[in-house]
1. Restricting the search to segment 7-25, which residues are of a type in the set (Gly, Ala, Ser) and loosely packed, with under 15 Cβ neighbours inside 10 Å?
2. Being in a helix (DSSP H, G or I) and free of Cβ contacts under 8 Å to residues at least 24 places away in the same chain is the filter; apply it to segment 39-54 and report the residue that is nearest to the chain's Cα centre (by Cα).
3. Have a look at SER33, SER61, SER28 and point out the one that is surrounded by 14 or more Cβ atoms within 10 Å (Cβ to Cβ) and not in a helix (DSSP H, G or I).
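Here, each number is a calculation from the coordinates, and none is a lab measurement. For clarity, every value in this text was computed on a predicted model and none was experimentally measured. Neighbour counts run over all protein chains shown; Cβ positions are idealised from the backbone, glycine included.
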Amino acid sequence: MNTLPHPVVERLQRIREALGNQEIDVASRRAHSLKGTGGMIGATTLAAQAADLDQAIKNRSPDMAEHLKRFEQELDRVLDGIKAAYKLG
């Protein structure tokens, strides 16, 4: 996971915590929020991955962990792009 401190990274951790505590509604709301964040910054693939994650959580999909992993990979890609664009390390 990207080491850049960022609220989205914190939200991802909160999704993991909510899932670990079986708080499906909380995890789903957080994933839905990340979908909006991705859309707001023009990261359409990130937004789509968040939407897929949200649906997987709501449906209690057996491949929820795979959706979470794909979202995390796309988040890393987006954050790396931000770091490069702003020369943040």
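1. Just the residues of segment 7-25 that are of a type in the set (Gly, Ala, Ser), to begin with: 18, 20.
Listed by number, the list holds a single entry, GLY20.
2. Here is the first cut: in segment 39-54, the residues in a helix (DSSP H, G or I) are 39-40, 44-54.
From what's left, free of Cβ contacts under 8 Å to residues at least 24 places away in the same chain: 39-40, 44, 47-48, 50-52.
Values: GLY39: 12, MET40: 14, THR44: 12, ALA47: 8, ALA48: 10, ALA50: 5, ALA51: 9, ASP52: 10 Å.
Here the residue is ALA50.
3. Working: SER33 fails: not in a helix (DSSP H, G or I); SER28 fails: not in a helix (DSSP H, G or I).
Among SER33, SER61, SER28, only SER61 is surrounded by 14 or more Cβ atoms within 10 Å (Cβ to Cβ) and not in a helix (DSSP H, G or I).
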